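We did not get these values from a lab; they are worked out from the coordinates using the rules stated. Note that the structure is predicted; figures quoted are calculated from it, not measured. Because the Cβ atoms are built from the backbone with ideal geometry, glycine has one as well, and the counts that use them run over all protein chains shown.
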Amino acid sequence: MTTVDASTQLLKHVEAPYADALRSLARIDWQRLHVPAHQGREGNAPGVAALLGAGVLSLDFPMSVASVDQQSWRIAEPGRPTPLGRAQGLAAEAWGARRAWFLTNGASGGNHIATTVARALGVEVVVQRSVHSSVVDGIAHVGLVPHFVQGAVDSGLGAAHGVTAAQIDQALREHPDAAAVFVVSPSYFGAVADIEGISRTAHAHGVPLIVDEAWGAHFGLHPELPVNAVRLGADLVISSTHKGAGSLTQSAMLHLGHSDHAQRIEQLVDRVVRSYQSTSCSPLLLASLDETRRHLVVDGARAIGAALASAEAIRSGIRASARFRDATGDIAASPGTAGFDPFKIAIDLRGAGISGQQAQHRLITDHRIYTELATPATLLLLVGATSPTDPKRFLKALDDLPFLGTARENAVRLPSPGDRVMGVQEAFFADTAVVPFAEAAGRVSADSLAAYPPGIPNVLPGEVLTAEVIDYLRTMAAAPSGFVRGAYDPLLDRFRVVARP
């Protein structure tokens, strides 16, 4: 691309069509006689206005009235894309996709869309075992038959990573009726899988590749970041834009690739998106996606570069410490890992005299610092892609953590899943019983149970609950910042299981 071409492309991204149309609409002194009931006036909902700030309510138009998603409030030119259509087109261009959809139910909603699309292609699917719990929910809802592939696991750090192309090839050979492949990259801890190799493998078997890239929304937008999945050949990519890129919580995107498989499913994806998307989408969430794309493309070189420098300064400080250890090398060296997200910083606390949960609690109460995740052995930090942080403040707080005598061997290890004896959907919709935890071992779980974050299921519907799994989940639920998604009882004193006939 020539310098002139690059400048022209950049100039195009200075526009935020949807957000700008929304602002233009809000500047007019309308008499609003439609939903939402606050009708754009702060005095009609003073508590909400005080919470969100002046001017927010004036932007909160319904889709059917604001019409910025269907046509401009001014008379649209025939054939001219709508503001939302133009915004999604610019997003597709920014991430190198054939097409992009804005989502207002997070990447979880994107995973439900993706599992529905997969079910339209066939009944069977090859799935990475450490997918997000929303994928398992989607599998149960639409009746997919999953063939799970176990990725790399670092039990000491409490981290699950990716799968390899060879594993996917073997799974597709063993299950030739599988209609799609569903993997996760990057992992919650930042390990990036060989998406290019996995994509080639899936396509060689004649099936599309779906990638949950929830934690990699910033990928592909700076030379020092990993290439994003859609540019590496993935056919459908779920991107949780709020996680790493900075849009409002619950906003996400869905990207379509360029292969023949992607072209074949485009209209299907569009229909499924419409069936899942609310007919009352929040214009604030949609506009935040538009503005985030503009910021990443127009200011990304500067903002991402500054954030990268601050993340590296923290990592360097940890490497210089005699007490704490930078676990980046462990994660990057895990089997199947082809790259690493530099905005994830994993700190190994084994031998540091304090557990991850204890460290997180002290950082919150003593230093007003909140980290992304704490496991018994690890603290995980996330630096926003355009949000440089203060390394000195964090490193000083880390050095100030007390030595509490936590032994290295006290780290809680990720448990192995129990045997699967029922189908996911069969167990999900089965008659259930609630039993005390002491009686749950050996019973079949009716729930998808995931220590959260990161939300990777430790138990799937249809799997046998083992004593090891029960122990782990109860330990995680009792941690200061822990909870288990999907649990009948927040403390896991009781479990919901499949009723015996």
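As a rough guide to protection, the peptides 36-47, 145-156, 160-171 ranked by mean Cβ packing within 10 Å, highest first, stand as 160-171, 145-156, 36-47.
Using alpha carbons only, how many degrees (0 to 90, rounded to 10) separate the axis of helix 467-478 from the longest principal axis of the chain? It works out to around 50 degrees.
Give the Kirkwood hydrodynamic radius (Å, one decimal) of segment 16-66, defined as one over the mean of 1/r across all pairs of different Cα atoms. Mind showing how you got there, number by number?
Details: mean 1/r = 0.0888 Å⁻¹.
With all distinct Cα pairs of segment 16-66 included, I get 11.3 Å.
Report the relative contact order of the chain, percent, no decimals, based on alpha-carbon pairs under 8 angstrom and at least 6 residues apart.
On the way: 1062 pairs, mean separation 70.1, N = 501.
Normalised by residue count, the contact order of the chain is 14 percent.
Kirkwood Rh, Cα Rg: Rg to Rh for segment 131-237?
On the way: Rg = 13.7 Å, Rh = 14.3 Å.
The Rg/Rh ratio comes out at 0.96.
Neighbours of residue 379, meaning other residues whose beta-carbon lies under 10 angstrom from its beta-carbon, give a summed charge of -2 when Lys and Arg score +1 and Asp and Glu score -1. Amide H contacts of residue 247: 242, each under 5 Å away and 5 or more positions distant or on a separate chain (H built 1.01 Å from N in the peptide plane; Pro and chain starts excluded). Can you give the translational diffusion coefficient of segment 162-210 in µm²/s, computed by Stokes-Einstein from the Kirkwood radius over Cα pairs at 37 °C and 0.692 mPa s? It diffuses with D of about 304 µm²/s by this estimate.
Do the sum for the chain: with -39,500 (n - 2.57) for every DSSP H run of n ≥ 4, divided by all residues, what is the mean residue ellipticity at 222 nm, to the nearest 500 deg cm²/dmol? Could the numbers behind the result be given before it?
Values: 19 runs with 194 residues, N = 501.
Dividing the helical sum by the residues of the chain leaves -11500 deg cm²/dmol.
Sorting 375-381, 256-262 by their mean Cβ neighbour count within 10 Å, with the most densely packed peptide first, gives 375-381, 256-262. Taking all C-alpha pairs of segment 369-501, those more than 25 Å from each other amount to 37 percent. Counting only alpha carbon atoms, the long axis of helix 17-26 and the longest principal axis of the chain meet at about 70°.
Near residue 298: Cβ cut-off under 11 Å, other residues only, Lys/Arg at +1 and Asp/Glu at -1. The net charge is +1. Partner aspartates and glutamates whose Cα lies under 13 Å from the Cα of residue 396, excluding those fewer than 8 positions away in the same chain, are identified as 366. Computed over the chain, the convex hull of the alpha-carbon atoms projects to a mean area of 25.8 nm². Computed from Cα positions, the angle between helix 300-319 and the longest principal axis of the chain comes to roughly 20 degrees.
What number does segment 424-498 give for Rg over Rh if you use C-alpha atoms and the Kirkwood radius?
Details: Rg = 11.1 Å, Rh = 11.9 Å.
With Rg and the Kirkwood Rh in hand, the quotient comes to 0.93.
Just need the Rg to Rh number for segment 315-427, please, alpha carbons only, Kirkwood Rh. Result for segment 315-427 is an Rg/Rh of 1.05.
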